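All remarks here apply to the structure that follows.
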Amino acid sequence: MDINKFALFADVAFTKNFTKSGERMGYTQPGVSHVLKTMEDEFGFPLFLRTRKGVTMTPNAEAILPIIREIVSLNEKLEQTINNINGLETGHLTIAAFASISRRWIPSFIYAFKQKYPGIEIELLEGGTDEIVAWVESSQADLGFLSKRHTKQLKWHSLANDPLMAILPKDYDVHGRSSIPMKEFEEQPFIISAEGVDYDVHEAIRVANITPNIRYSSTDDHTVISMVSSNLGISILPNLVIGTARDEIRALPLDPYVSRELGIITNSEYKPSPAARRFIECVEETLPKIINKDPELQSS
């Protein structure tokens, strides 16, 4: 059993691109084709089909993909455990996160982690809630940062609370108010984030029992901010997403106050790798320093 072949197969399944996977895994494009052809010969069926739109998986390849991902993940954990026993700190760690967390938190976490474990290679995947959950459930990512979600395969590590904020144009008349009532989103043009990307805003709307006056939707939070700054409407976004965009818009708390719980998910069916456990420890040590610099964030 050639783990390197399995790892390449899993990566092509992820990128849907022979050239990109070759660059990531250290193969030439012909080398990728050769490895996959030998796997097809061994398995007795095709794995990928090339079309005008790119590379697609065959049904048989999709059937074996979860098993191959599990084998690759277990092999990485075995290598890390052996290295740790021998006093070596080497290995690979894949982290999945919201773009907002990647920009504002992850660099500090990685810096702190690298001070202790410089030999561990880190790969970062950015996506929405559904993507992050899928990556962790399939062991494509060792851990994921997102707001609280529960599935049978996920273990939750709580980190902090992040307020949801009303996002308003700079010249929006708030009539002296320090917060924005949820009812206001029924009266004004509303710009909403796509549900698969941000469940928290949709849940806040559901709990408030309002029907917002939705005029636009977007899968990108910064597009939402740009649309608000252009006076196309108002919106709701998590505080962490806003960041330096406060120069473009006004942000006020919601009335009643609403927040999302941020944390780390790991696959509950498998014990986290040594690298993943050490990274979580670094996060727990580093996050209080980050929160102290941001009064809007409150430790959970």
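What to note about this one:
- Förster radius 22 Å - calculated FRET efficiency between Ala99 and Ile290 (Cβ-Cβ, nearest 0.05): 0.85
- Value of [θ]222 nm, deg cm²/dmol, for the chain, DSSP H segments ≥ 4, -39500 (n - 2.57) each, nearest 500: -14000 deg cm²/dmol
- Peptide ranges 184-195, 242-253 listed from the most packed, as the mean C-beta count within 10 angstrom indicates: 184-195, 242-253
- Spin-label pair Thr28-Glu261: with each label point 7 Å from Cα along the Cα-Cβ axis, the two points sit 5.4 nm from one another.
- Separation of the Asp220 and Glu126 label points, Cα + 7 Å toward Cβ, nm: 1.0
- Maximal additional length on extending the His157-Thr81 stretch stands at 25.1 nm, based on 0.36 nm per residue less the C-alpha distance.
- Rounded if a/c under 1.5, otherwise prolate or oblate - segment 163-259, Cα gyration tensor axes: rounded
- Cross-linked pairs Lys20/Lys53; Lys148/Lys293; Lys5/Lys77: Cα-Cα separations exceed 21 Å for Lys148/Lys293.
- Whole-Hz ³J(HN,Hα) from phi, Karplus 6.51 cos²θ - 1.76 cosθ + 1.60, for segment 176-192, glycine and proline x: x, 7, 9, 8, 10, x, 4, 4, 5, 6, 7, 9, 10, x, 10, 10, 10
- Separation in nanometres of the label points that stand 7 Å from Cα toward Cβ, at Asn4 and Asp247: 4.8
- With θ taken as phi - 60° and the Karplus curve 6.51 cos²θ - 1.76 cosθ + 1.60 applied, the whole-hertz 3J(HN,Hα) list for segment 249-261 is 9, 9, 10, 10, x, 8, 10, x, 4, 9, 9, 10, 8 Hz, x standing for glycine and proline.
- Lys116/Ile67 FRET efficiency (R0 41 Å; Cβ-Cβ; nearest 0.05): 0.75
- Around the amide H of Ile214, modelled in the peptide plane, lie the amide H atoms of Phe190, all under 5 Å away and 5 or more residues distant in sequence or on another chain.
- Relative to the longest principal axis of the Cα atoms of the chain, the long axis of helix 199-208 lies at roughly 40 degrees.
- Straight Cα distances below 19 angstrom link Lys271 to the aspartates and glutamates Glu70, Glu76, Glu79, Glu89, Glu137, Asp142, Glu281, Glu284, with same-chain residues fewer than 8 positions distant left out.
- Tensor-based shape of the chain (alpha-carbon gyration tensor, a/c under 1.5 rounded, otherwise prolate or oblate): prolate
- Ranked packing of 262-269, 76-83, 6-13, most packed first, by mean Cβ within 10 Å: 6-13, 262-269, 76-83
- Anisotropy class of segment 1-86 from Cα gyration tensor, a/c 1.5 cut: prolate
- Tilt relative to the chain, helix 29-43 - C-alpha long axis, 0 to 90 degrees, to 10: 70
- Counting only alpha carbon atoms, the long axis of helix 106-116 and the longest principal axis of the chain meet at about 50°.
- Within a straight-line Cα-Cα reach of under 15 Å, Lys170 can be paired with the following aspartates and glutamates, leaving aside sequence neighbours fewer than 8 residues apart in one chain: Asp247, Glu248.
Read-outs: derived from the displayed coordinates by stated rules, not from any lab. Predicted model, so just to flag it, every value in this text is computed and none were measured. Don't worry about glycine lacking a Cβ; one is built from the backbone with ideal geometry, like all the others, and counts go over all protein chains shown.
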